[in-house]
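The values are calculated or read from the model by the stated rules, or taken from the named source; none is laboratory data. These numbers were taken from a predicted model, which means no experiment stands behind them. Every residue, glycine among them, receives a Cβ derived from its backbone with ideal geometry; neighbour counts consider all protein chains shown. In case anyone asks, the SASA skips ligands and DNA or RNA and just uses the protein heavy atoms, side chains included. Shrake-Rupley method; radii C 1.70, N 1.55, O 1.52, S 1.80 Å.
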Amino acid sequence: MGLIQLQIDGKKVEVPAGTTVLEAAEQTGIHIPRLCHDPELSPWGGCRLCIVEIEGMRNLPASCVTRVAPGMVVRTDSPAVVEARRAILELLLANHPLDCLTCEKNGECKLAEYCYVYGVKESPFRGEKHNYAVEDSNPFIIRDQNKCILCGKCVRACAEITGKNNLDFAYRGFNTRVSTFGNSSLLESDCVFCGNCVSVCPTGALMEKQMQNKARRWELKRVKTTCPFCGTGCNFDLCVKDGKIVGVASNPDSVVNGRALCIKGRFGWDFIYSDKRLKTPLIKRNGEFVPASWDEALDLVASRLREIKGKYGPGSFAALSSARCTNEENYLFQKFVRAVMGTNNVDHCART
Amino acid sequence: MTNSISEIAGAELLFLIGTNTTEAHPVIGYKIRQAVRRGAKLIVADPRRIELAEEADYWLRLQPGTDIPLLNGLMHIIIKEELYDKTFVAERTENFEALKKTVEKYPPAYVSRLTGVPVEDLYAVARLYATTDKAMIFYTLGITEHVCGTSNVMSIANLAMLTGHVGRPSTGVNPLRGQNNVQGACDMGALPNVFPGYQRVTDPAVRARFQEAWGVSLPAEVGLMLPEMFDKANAGEIKAMYILGENPVLTDPNSNHIRSGLEKLEFLVVHELFLTETAEYADVVLPAASFAETDGTFTNTERRVQRVRKAIEPLTGKTNWQIIMALSTKMGYPMHYRNTEEIFAEMASLTPSYAGINYSRIDKEGIQWPCPTPDHPGTPYLHAGSFTRGKGLFQAIDHIPPAELPDREYPFLLSTGRILYHYNVTTPYSTGIRSLWSQEYAEVNPDDAARLGVETGSKVKVISRRGEVVTRVQVTDRVPPGVIWMSFHYRETPTNVLTSYAVDPISKTGEYKVCAVKIEKII
């Protein structure tokens, strides 16, 4: 494929044919604001925030759906572009609740970020505002359509990442909204609660319920790790505040899965804090489990295993390791069985 | 997997047999669906109308336990019509004549009678698979959890080798591993016959290396496999067990046999997150740390070694590796690792396929083994120029029916598996998931439901020769008439009380996918 030369904000750029102006700018280190564009989703060109000025073109084209052409001269922040972006943001704000102080998305909201960049504090347009009921009838996703800016990323994520096609636009004009079939609740719809829509939502319209009132977004420490459920090996961030996990967030730098996760990976983590978690070692005395100290429990295990090995031989001991545990734990465990107990009687559930 | 997950995007044909991918491996399921919607052909062989069957070009609704006849039947057509890859067969394989002789006995009409798959579909699928350049086969427990599981797997390998569908990008044989680190646990030598990296315990040179590294003498005899452990526990020969992070009472087949084995032990240690059904039998329970409380690595189904990172302190004060270290030290074999990186480094120094991997290399992105040296990039797909043994060996395999099929007394065929919303026996401890999916809904075909007089939500008793459980039913044509399908996630409906005692003779994997039951309506 041939290379195409163009100019962006005075810089000479050379990119493969077929590249969009937005991507070309990105490769030059120029960030063009966008709300509906996402590298993992098909181009949409709906929000118009990524408009640029291109010499010889009549209007301001959306850079996410405009392909580069030889000799193009692009300006990403000319006065006309800035003015248009400001107007777009003012229009979006005209029908957006300004409860940013308590909004869960505060700190990660793309709309707020661009309003800050372009100095848009309020909307000069006065008109009707939506007053949809907030949907929180399921344990995983809170849906506040009053905060929806109709960027369509959730619609595309559901169709293009998950492949469920459970969401689409419904109604017309001012009443356009993202809807399930028959406008039912997520719970009554075909939703599989993968939360991939939540991971792409730029505003507070789709939020993780588990994270409600737990932390402001900037307080979160994010720890990238690997999912503990099936063998796909998805990566995600555990979100931690004050030494406690409050949620899971997609990490786009995950080589296997990108931002895609399933219900288990995104919402199943709370088993960690189940009140049924064992807190201390337990020793069975007269048929009842009694809490014990670590030393007490490990001393008992060591002496009983030594005794049984001495009395019946190493072959009387068998151990099951775990396909849920880490490589390091498995390595150490089989080493313990072989080197300390003196037997190869070690297996795990791979065969069962 | 012989391929990488990312290679799904480049495949022209995806052949799924015995994998309900969108539920058991959802993110791989998404990628399959994406590829199909971009134009890749999809073949699904499954008795159940799984989600991906709806998007398939061909859905082969075979009778449970007839995978070998189906695969032999496809190969019969491919050989008859000379659609096989003659160059690949000549250069990269051996024993073709024996395979040819066996599959000769599986003409389409006969295969169709055994499997229930229409003859025209057999022809269409055989021709499509054989003549598509980039084709990936996927399978999982629907293939392995049979009395003929090993033979099923070898039949799949036969089909792939016959058509030259292995050893190239987006072209290969892909078992999807069930647990997060079942690949890693195998790689680490948590198996009775091998040290880490599949190095045989019976090989004196291997043993000498480990003896030197570990400073002890090591046993030369192969140890017991899991089902044998419980057989020997029942026989009174195994006296003590240490079970780490596993709940065989709920997840192993024929669980009453597991329970009686555990009862007979003189001493049982269970190292677990929860007081599980298995832990209840323990003399000492050691509380485990979860994945969020430890550093380390998992190895995924495409052999990618990826970091696990500690996000919070262990709720019980100790990580699992620290507990194993402390116990070993108390028993007179001191272990002193300061962190998991030191454990990994020792393991990698003894494991050729991991030798080139270290924590700093996988900090941002995991590496796929084999990775023999620090400058090796890892291996996205296997068997490029040759197979592990050199030439691929065709195995001539005949149909092996399931050990227990329905009869007059137990007229239904029970098959089992996972549902999307649960992962074995951990997710029932998640509040949100439990609040929506808290009980078993056994799938029953509408015809059978009408005869039994049950509807969705009705309670029934399901009885096999080994035990009985109570469950609600869901009436659905996802299952064919005569088949009932259940998950094994709920302690209130411990499905594995019912499942078969039969195991594959080589892998000792239980036949979870087929046993005979009867259903009684509870009034």
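Computed over chain B, the per-residue total of -39500 (n - 2.57) for DSSP H runs of n ≥ 4 gives a 222 nm mean residue ellipticity of -8500 deg cm²/dmol, rounded to 500. The convex hull built on the alpha-carbon positions of segment B:253-344 has an orientation-averaged projected area of 8.1 nm². Counting only protein heavy atoms and using a 1.4 Å probe, the accessible area of A:Tyr132 comes to about 40 Å².
Checked against a 31 Å cut-off, the cross-linked pairs A:Lys335/B:Lys239; A:Lys153/A:Lys241; A:Lys279/B:Lys461; A:Lys276/B:Lys521; A:Lys105/A:Lys279 give Cα-Cα distances beyond that limit for A:Lys279/B:Lys461; A:Lys276/B:Lys521; A:Lys105/A:Lys279. Once a ≥ b ≥ c are taken as the square roots of the eigenvalues of the Cα gyration tensor of segment B:179-282, is the result rounded (a/c under 1.5), prolate (a/b larger than b/c) or oblate (a/b not larger than b/c)? Verdict is prolate for segment B:179-282.
Can you tell which of B:Pro219, A:Gln7, A:Ser137 lies farthest toward the positive end of the dipole of the protein assembly as shown, using +1 and -1 charges on the Cβ of basic and acidic side chains (Lys, Arg; Asp, Glu)? With unit charges placed on the Cβ atoms, the residue in question is A:Gln7. Across the options B:Leu114, A:Leu238, B:Met136, the greatest Cα extent toward the positive end of the charge dipole of the protein assembly as shown (unit charges at beta carbon of Lys, Arg, Asp, Glu) belongs to A:Leu238.
Placing dummy labels 7 Å off each Cα toward the beta-carbon, the span from B:Asp57 to A:Ser185 is 4.3 nm.
Once the gyration tensor of the Cα atoms in segment B:71-129 is diagonalised, the equivalent ellipsoid follows with semi-axes of 22, 13, 7 Å, ordered largest first.
A simple charge model with +1 on the Cβ of Lys and Arg, -1 on the Cβ of Asp and Glu and nothing else charged puts the dipole of the protein assembly as shown at about 700 debye relative to its Cα centre.
Computed from Cα atoms, the angle from the helix A:294-312 axis to the main principal axis of chain A rounds to 50 degrees. Residues in segment A:21-26 carry Karplus couplings, in order, of 4, 4, 5, 4, 4, 4 Hz; the curve used is 6.51 cos²θ - 1.76 cosθ + 1.60 with θ = phi - 60°, and Gly or Pro positions show x. Label sites at B:Ala345 and B:Leu405, each approximated as a point 7 angstrom past Cα along Cα to Cβ, lie 5.9 nm apart. Highest mean packing comes first when the peptides A:150-162, A:302-314, B:260-272 are listed by Cβ atoms within 10 Å, giving A:150-162, B:260-272, A:302-314. If R0 is 45 Å, the Cβ-Cβ spacing of B:Ala208 and A:Val255 corresponds to a FRET efficiency of close to 0.75.
Of all aspartates and glutamates in the structure, those lying under 17 Å Cα to Cα from A:Lys147, and not within fewer than 8 positions of it along the same chain, are A:Glu90, A:Asp99, A:Glu104, A:Glu108, A:Glu113, A:Glu122, A:Glu128, A:Glu135, A:Asp136, A:Asp168, A:Glu208. Per-peptide packing, taken as the mean over residues of other Cβ atoms within 10 Å, places B:246-256, A:183-193 in the sequence B:246-256, A:183-193 from highest down.
In this structure the amide hydrogen of B:Met335, modeled in the peptide plane, comes within under 5 Å of the amide hydrogens of B:Thr329, none closer than 5 places in sequence on its chain. The angle separating the long axis of helix A:79-94 from the principal Cα axis of greatest extent in chain A is about 60 degrees. Residue by residue along B:302-309, Cβ atoms of other protein chains within 10 Å of the local Cβ number 6 on average.
A probe of 1.4 angstrom, applied to the heavy atoms of all protein chains, finds A:Arg48 with accessible area near 100 square angstrom. Within 10 Å of the Cβ of each residue in A:301-310, the mean number of Cβ atoms contributed by other protein chains is 5. Among beta bridges identified by DSSP and lying wholly in the protein assembly as shown, the antiparallel ones come to about 60 percent. Loop-only check: which GluC sites (Glu not before Pro) in segment B:36-121 are DSSP coil with at most 14 other Cβ within 10 angstrom? Answer by residue number: B:Glu81, B:Glu82, B:Glu104. Residue by residue, segment B:254-269 carries 3J(HN,Hα) couplings of 6, 5, 5, 5, 5, 4, 5, x, 5, 4, 7, 5, 7, 8, 9, 10 Hz when phi is fed to the Karplus relation 6.51 cos²θ - 1.76 cosθ + 1.60 (θ = phi - 60°); x denotes Gly or Pro.
Packing-based ranking of A:249-255, B:39-45 yields B:39-45, A:249-255, ordered from highest to lowest mean Cβ neighbour count within 10 Å. Considering only B:Val270, B:Val305, B:Val284, the residue lying farthest towards the positive end of the dipole of segment B:260-306 is B:Val305, judged by Cα position with unit charges set on Cβ. Placing dummy labels 7 Å off each Cα toward the beta-carbon, the span from B:Tyr123 to A:Lys221 is 6.7 nm. Translational diffusion coefficient of the protein assembly as shown (Stokes-Einstein, Kirkwood radius from Cα pairs, 20 °C, 1.002 mPa s): 73 µm²/s. Under the convention that each Lys and Arg Cβ holds +1 and each Asp and Glu Cβ holds -1, the size of the dipole of chain A around its Cα centre is about 680 debye.
Using a 10 Å cut-off on Cβ to Cβ distances, tally the other chain neighbours for every residue of A:191-199 and report the average as a whole number.
2
Here segment B:268-357 is treated with +1 on each Lys and Arg Cβ and -1 on each Asp and Glu Cβ, and its dipole about the Cα centre works out to around 340 debye. Using the Cβ-Cβ distance between A:Leu3 and A:Glu288 with R0 set to 56 Å, the FRET efficiency from 1/(1 + (r/R0)^6) comes to roughly 0.15.
In the calculated pair-distance distribution of segment A:271-348, the portion above 22 angstrom amounts to 41 percent of the Cα-Cα pairs.
Working out 0.36 nm times the residue gap between B:Glu104 and B:Asp375, then minus their Cα-Cα distance, what length gain in nm do you get to one decimal? This chain segment gains 92.8 nm when fully extended. Around the amide H of B:Leu414, modelled in the peptide plane, lie the amide H atoms of B:Ile484, B:Cys515, B:Ala516, B:Val517, all under 5 Å away and 5 or more residues distant in sequence or on another chain.
Within a straight-line Cα-Cα reach of under 25 Å, B:Lys100 can be paired with the following lysines, leaving aside sequence neighbours fewer than 8 residues apart in one chain: B:Lys80, B:Lys86, B:Lys134, B:Lys391. The alpha-carbon of A:Lys264 sits under 13 angstrom from the alpha-carbons of these aspartates and glutamates, leaving out residues fewer than 8 places away in its chain: B:Glu23.
Per-residue surface analysis assigns B:Glu409 an accessible area of about 100 Å², computed on protein heavy atoms at 1.4 Å probe radius. For the residues A:Arg58, A:Arg67, B:Arg177, a 1.4 Å probe over the protein chains yields an accessible-area ranking, largest first, of A:Arg58, A:Arg67, B:Arg177. Segment B:393-424 and segment B:59-79 have their alpha-carbon centroids 15 Å apart. By the Stokes-Einstein formula, at 1.306 mPa s and 10 °C, segment A:17-147 with its Kirkwood radius over alpha-carbon pairs has D equal to 96 µm²/s. Along segment B:312-323 the Karplus relation, 6.51 cos²θ - 1.76 cosθ + 1.60 evaluated at θ = phi - 60°, assigns HN-Hα couplings of 9, 5, x, 5, 9, x, 10, 7, 5, 5, 5, 5 Hz to successive residues, with x for each Gly and Pro. For chain A, the square roots of the Cα gyration tensor eigenvalues, ordered a ≥ b ≥ c, give a/c of at least 1.5 with a/b greater than b/c, which places it in the prolate category.
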